[in-house]
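Student: Got a structure here, written out as structure tokens. Questions coming.
The values are calculated or read from the model by the stated rules, or taken from the named source; none is laboratory data. Just so you know, these numbers come straight off a predicted model, no measurement behind them. Every residue, glycine among them, receives a Cβ derived from its backbone with ideal geometry; neighbour counts consider all protein chains shown. Remember, those area values only see protein heavy atoms, side chains included, never the ligands or the DNA or RNA. Shrake-Rupley method; radii C 1.70, N 1.55, O 1.52, S 1.80 Å.
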Protein chains: 2
Amino acid sequence: MPLDRRQKVVLESVRRFLRRTAFGHLMNLMAKTRPQDFSPIFDNLTDREQLQVFRALADRDQELGASFLAELEPRVGSAILRRLGPAGAAALLNRCADDDAAGLLAELDEEADAILAAMKPEEKDAVEQLLIYEEETAGRIMTPDVFSLHEQMTVGQAIAELQAEGDVEMAFYLYIVDDRTHLVGVLSLRELLLHPATTQLSSIMNTDLITVQVSTDQEDVAQIVAKYDLLGIPVLDEQGKLAGIVTIDDVVDVLREEATEDIFRMAGTSEEERHEPSILKSARVRSPWLLATFFGGILAAVVIGSREEAMQSFPLLAVFIPVVLGMGGAAGNQVATVLIRGIATGRIHEGMFARTFFREVGVALLLGLLYGTLIGAFCLALIEFGLAESGGVPSYWIAVVVAVSLASSMTLATIVGSLFPVLLEKVGIDPAIATTPFISTATDVLGSLVYVFLVVWLLLP
Amino acid sequence: MPLDRRQKVVLESVRRFLRRTAFGHLMNLMAKTRPQDFSPIFDNLTDREQLQVFRALADRDQELGASFLAELEPRVGSAILRRLGPAGAAALLNRCADDDAAGLLAELDEEADAILAAMKPEEKDAVEQLLIYEEETAGRIMTPDVFSLHEQMTVGQAIAELQAEGDVEMAFYLYIVDDRTHLVGVLSLRELLLHPATTQLSSIMNTDLITVQVSTDQEDVAQIVAKYDLLGIPVLDEQGKLAGIVTIDDVVDVLREEATEDIFRMAGTSEEERHEPSILKSARVRSPWLLATFFGGILAAVVIGSREEAMQSFPLLAVFIPVVLGMGGAAGNQVATVLIRGIATGRIHEGMFARTFFREVGVALLLGLLYGTLIGAFCLALIEFGLAESGGVPSYWIAVVVAVSLASSMTLATIVGSLFPVLLEKVGIDPAIATTPFISTATDVLGSLVYVFLVVWLLLP
């Protein structure tokens, strides 16, 4: 989205206030802007201006600063923190949600310790607690500020407690614990309101609980929350105690990230590309995947080169190399994509692999028949109209070789495209990894093998 | 996921109860199973058993039946409704959420009218109201049961109203309207509890509203909800009146669907593949996209064939066709993927297109230099070690032609891969559409052109 008129006005005002060091005006303006709407404006400021804005926020309104900081890409936000120095950074992070603060600090190296040391002790403890857990687990993305109540409380006490409590993140469910803070039930705010003040929570709470562990992978957490239409899911620690909740807004972010990751992986690059890295970095990320395609091409060259005399006797055959290999690659890629996404969303599961495989081979044979016939007809027409040399063998014979090669290439690529993701899934590797490059490598090798084999076997004397 | 031991036990029990027509036992079992957990079990029943289960639910426990129906794929659920007949289908749909019922009926043709006619009048009206809106708009996926209160009510009255009301979908926000049911504010349940019973809602409500129209595309709705971390978003009709809300669970479904759609489109197939269609249907869906690749291959054949004499003089050159075209396709695909996903998630926006383009060309030149050098070295080695014929020209000269061709092919494919999504976006077409086939077509044509041109220009006498 380009900046609209209103955003341009805001951008100009921010710049003007910064030039005049009119920080009071700047704070007023920012308080009236939603943090999410400020991001595109922020992107248009120079590095120096960005730092000025956050220095002003850190000095004057840490609450507001924290809400703007949370909306930046973690990489951008952590760069700001680094440049603000420990005191300024700590002032903002004290007011951030703990999971956001942990995410930002995880991007920093040695600076993180200095910033943590400058934070309020209780905030520091909460954030350090989260940093213990591995990245991309429930423990790392949960918020530890859970509103939990003892099971022996009454509805009236619960409401009083809720009113006394400060700001709790998304308190739509109340989590109910026993003496040892083991989670024993859950109650929605609305259910709470439907009962008289003297009712004990244990008698109305819902005990059919869906929970995850601190070590659960964030992708699994997201799948569970999405599947059961939850607004949040309680996270238990190793002792089965309530450690925090993962809220639906974090799940939405995870689902989008994971989809991006899959899409990037399938094309043979990685999610590191999301952060608009330098040209050199991009080249480094993409290069290994290209190597797969490169080896495929080299192997195809070796295969074709090993029967150079065939290509020399029938120069017409060289011209069909791109279509034979290209169609195989395209067909294999379609199949692999359908399978990979099906596996990722849970739609295609283990009991269906064999059925899916035979189904896909059927599709490939049908499409191979169609496009094989087309290429055969094209080949025949080229020779019949004198546009190409048949090299002394009957023209229909050459057409058959090309047609069968194309159909075989598509079928072989489909077999690879259906087996590859399933095998990766079985051995526990993300099936999305580098689909396109590997499919194209396999097709280059298998397609050129079958092509050369058919030419040598059927056409050479 | 394959069925685990517990699920297998449930499956066997369902079968046994059906054989014995022990429907009471069946209902007890189903009441104890979460609808989401029942789906994989349901998939393992025969068509006849599936129908039996839902006939029993329609006769004995419509509420339970509705909750199971809502968890099926719409295509599967609507097939069940068709076979249940109007009376049974209507009995279940009366208890479904209106948006779920509308989604199921939209999958049916003439049967939908008979089912609607058999539904309770008020449910029929609500569902028909939703069916007016186009598919994939906010109007179609919203729930019209919004809990709205008049701005002049007090907190005490609001709580009493909430307690009197039956089951409202995800009532975590209260929507506050004026005399003409125009939305004027919103209040969370928690905020409600924080104020004394006599406070008027208008004095505590939040008036900074984020809303969508009934006609807003569901993808845009999802982006807004995700961006502002909302749990639900009010939907306004053409007169600005509150027509319904889209809840976060629907948004999660939309985000996953749209990601699947993009992934499928990029590989040259469509979301119709999600429903495991017949082999013929799959072939029909994929075939048009393969046609693009096919034409690319045919054009490459024409280009290479037009200079057959070059390939005949230097048979070594034919063997490098796969690597020159394949590397171009892989590089173009990487770039296109990064751009398409960036555009879809809003990370890459209009002001950045030019910068992104030059950045990508830089990456391509770097990678082209790397892989061009490698292929040149390989080519030189082949000739020097006597494994291939140089056809009478200096071997380094052939190596240079192959190296420059490869680098040019990668650069040209990158240019296509960066421009193609941006142009589609500019003219309002989803950039994800058929990326891989079109990139491979463009690469086949441009790559073979540059290759043949360089061979003819630099090598032929």
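Student: Could you pull out the GluC sites (Glu not before Pro) across the stretch A:34-124 that fall in loop regions by DSSP (anything but H, G, I, E, B) with no more than 11 other Cβ atoms inside 10 Å?
Tutor: Within the stretch A:34-124, the qualifying GluC sites (Glu not before Pro) (loop, at most 11 other Cβ atoms within 10 Å) are A:Glu110.
Student: Let me ask you something else. For the stretch B:1-41, what number results from the quotient of the Cα radius of gyration and 2.2 N^0.38 Å?
Tutor: Dividing the Cα radius of gyration by 2.2 N^0.38 Å gives 1.11.
Student: Along the three principal axes, how long is the protein assembly as shown when you take its alpha carbons, biggest first, rounded to the nearest angstrom?
Tutor: Largest first, the protein assembly as shown extends 98, 80, 55 Å along its Cα principal axes.
Student: Over both sides of the B-A contact, add up the buried accessible area with a 1.4 Å probe and give it to the nearest 100 Å².
Tutor: Chains B and A together bury approximately 10100 Å².
Student: With +1 on each Lys and Arg Cβ and -1 on each Asp and Glu Cβ, how big is the dipole of chain B about its Cα centre, in debye rounded to the nearest 20?
Tutor: 1820
Student: Equivalent ellipsoid semi-axes for the stretch A:148-258, as square roots of 5 times the alpha carbon gyration tensor eigenvalues: give them largest first, rounded to whole Å.
Tutor: Over the Cα atoms of the stretch A:148-258, the ellipsoid semi-axes are 26, 15, 12 Å.
Student: Okay, next question. What whole number of Å gives the distance from the Cα centroid of the stretch A:309-385 to the Cα centroid of the stretch B:350-429?
Tutor: Measuring centre to centre over Cα atoms gives 26 Å.
Student: If you don't mind, another one. Treat every Asp and Glu Cβ in the protein assembly as shown as -1 and every Lys and Arg Cβ as +1, leave all other atoms uncharged, and give the resulting dipole magnitude about the Cα centre to the nearest 20 debye.
Tutor: It works out to roughly 2360 debye.
Student: If you don't mind, there's one more thing I want to ask. Heavy-atom accessible area per residue, the stretch A:5-132, 1.4 Å probe: how many Å²?
Tutor: That works out to 48 Å² per residue.
Student: Follow-up. State, to one decimal in nm and shortest first, how far the label point of B:Arg16 sits from each corresponding label point in the other identical copies (label point: 7 angstrom along Cα-to-Cβ).
Tutor: Copy-to-copy label distances for B:Arg16: 8.0 nm.
Student: Of all accessible surface on chain A at a 1.4 Å probe, what whole percent is carbon and sulfur?
Tutor: Accessible surface attributable to carbon and sulfur in chain A totals 56 percent.
Student: Antiparallel DSSP bridges in the protein assembly as shown: what percent, to the nearest 5?
Tutor: 75
Student: Which of rounded, prolate or oblate describes chain B when judged by the alpha-carbon gyration tensor and an a/c cut-off of 1.5?
Tutor: Prolate.
Student: Compute the label-point distances linking B:Gly428 to its equivalents in the other copies; points lie 7 Å from Cα along Cα→Cβ; give nm, one decimal, shortest first.
Tutor: When each copy's label point is compared with this one, the spacings are 5.1 nm.
Student: Cα-Cα pairs above 31 Å in the stretch A:272-459: how many percent?
Tutor: 27
Student: Right, next: Extent of the stretch B:211-338 along each principal axis, from alpha carbon coordinates, in Å, largest to smallest?
Tutor: That works out to 76, 33, 25 Å along the principal axes.
Student: Let me ask something else. Could you go through the stretch A:421-432 in sequence order and give the Karplus-derived ³J(HN,Hα) for each residue, using 6.51 cos²θ - 1.76 cosθ + 1.60 with θ = phi - 60°, rounded to whole Hz, and x for Gly and Pro?
Tutor: Running phi through 6.51 cos²θ - 1.76 cosθ + 1.60 with θ = phi - 60° gives x, 5, 5, 4, 4, 4, 8, x, 9, 4, x, 6 Hz.
Student: Sticking with this one: Other chains near B:13-25: what is the mean number of their Cβ atoms within 10 Å of each residue's Cβ?
Tutor: 0
Student: Follow-up. Less than 15 Å apart at the alpha-carbon level, and either on another chain or at least 8 residues along: which aspartates and glutamates does that give for A:Lys120?
Tutor: Those aspartates and glutamates meeting the cut-off are A:Glu63, A:Asp98, A:Glu128.
Student: Give me the 1.4 Å probe accessible area per residue for the stretch B:198-266, excluding ligands and nucleic acids, in Å².
Tutor: Result: 36 Å² per residue.
Student: Along the three principal axes, how long is the stretch A:5-132 when you take its alpha carbons, biggest first, rounded to the nearest angstrom?
Tutor: Reported extents, whole Å, longest axis first: 45, 22, 22.
Student: Additional query: Residue by residue through the stretch B:393-406, what is 3J(HN,Hα) from phi via Karplus (6.51 cos²θ - 1.76 cosθ + 1.60, θ = phi - 60°)? Round to whole Hz and write x for glycine and proline.
Tutor: For the stretch B:393-406, the Karplus curve yields 9, x, 5, 4, 5, 5, 4, 5, 4, 5, 5, 5, 4, 4 Hz.
Student: Once the label point is set 7 Å along the Cα-to-beta-carbon vector, what list of distances in nm do you get between B:Tyr396 and its counterparts in the other copies?
Tutor: Ordered by distance, the counterparts are at 5.4 nm.
Student: Right, next: For the stretch A:62-109, rounded, prolate or oblate, judged on the Cα gyration tensor with a ≥ b ≥ c (square roots of eigenvalues), a/c < 1.5 rounded, else prolate if a/b > b/c?
Tutor: Since a/c stays below 1.5, the shape of the stretch A:62-109 is classed as rounded.
Student: FRET efficiency for B:Asp43 and A:Asn206, Cβ-Cβ distance as r, R0 = 45 Å, nearest 0.05?
Tutor: Computed FRET efficiency for B:Asp43 and A:Asn206 comes out at 0.95.
Student: Find the centroid of the Cα atoms in the stretch B:204-229 and in the stretch A:78-144, then give the distance between the two in whole Å.
Tutor: The stretch B:204-229 and the stretch A:78-144 have Cα centres separated by 30 Å.
Student: How would the stretch A:239-310 be classified by its alpha-carbon gyration tensor: rounded, prolate or oblate, with rounded meaning a/c under 1.5 and the a/b versus b/c comparison settling the rest?
Tutor: It comes out prolate by the Cα gyration axes.
Student: Please list 3J(HN,Hα) in residue order for the stretch B:144-154, calculated via the Karplus relation 6.51 cos²θ - 1.76 cosθ + 1.60 where θ = phi - 60°; whole Hz, with x for glycine and proline.
Tutor: Values, residue by residue: x, 7, 9, 8, 10, 10, 7, 4, 8, 5, 9 Hz.
Student: Sticking with this structure for a sec: For the stretch A:272-459, build the charge dipole from Cβ charges (+1 Lys, Arg; -1 Asp, Glu) around the Cα centre, then report which of A:Ala310, A:Leu299, A:Leu380 sits farthest towards its positive end.
Tutor: A:Leu299
Student: I want to verify the translational diffusion coefficient of the stretch B:76-200 in µm²/s; compute it with Stokes-Einstein, Rh as the Kirkwood radius over Cα pairs, at 37 °C and 0.692 mPa s.
Tutor: Result for D is 200 µm²/s.
Student: For the pairs B:Lys8/B:Lys32; A:Lys32/B:Lys227; A:Lys281/B:Lys426; A:Lys8/A:Lys32, note any where the Cα-Cα span goes beyond 20 Å.
Tutor: A:Lys281/B:Lys426
Student: Would you mind counting up the charge near A:Arg15? Only other residues with Cβ under 12 Å from its Cβ, with Lys and Arg at +1 and Asp and Glu at -1.
Tutor: Every neighbour counted, the sum reads +3.
Student: Continuing with this model, one more query. For the stretch B:148-249, give the magnitude of the charge dipole about the Cα centre (Cβ charges: +1 Lys/Arg, -1 Asp/Glu; no others), in debye to the nearest 20.
Tutor: It comes to approximately 300 debye.
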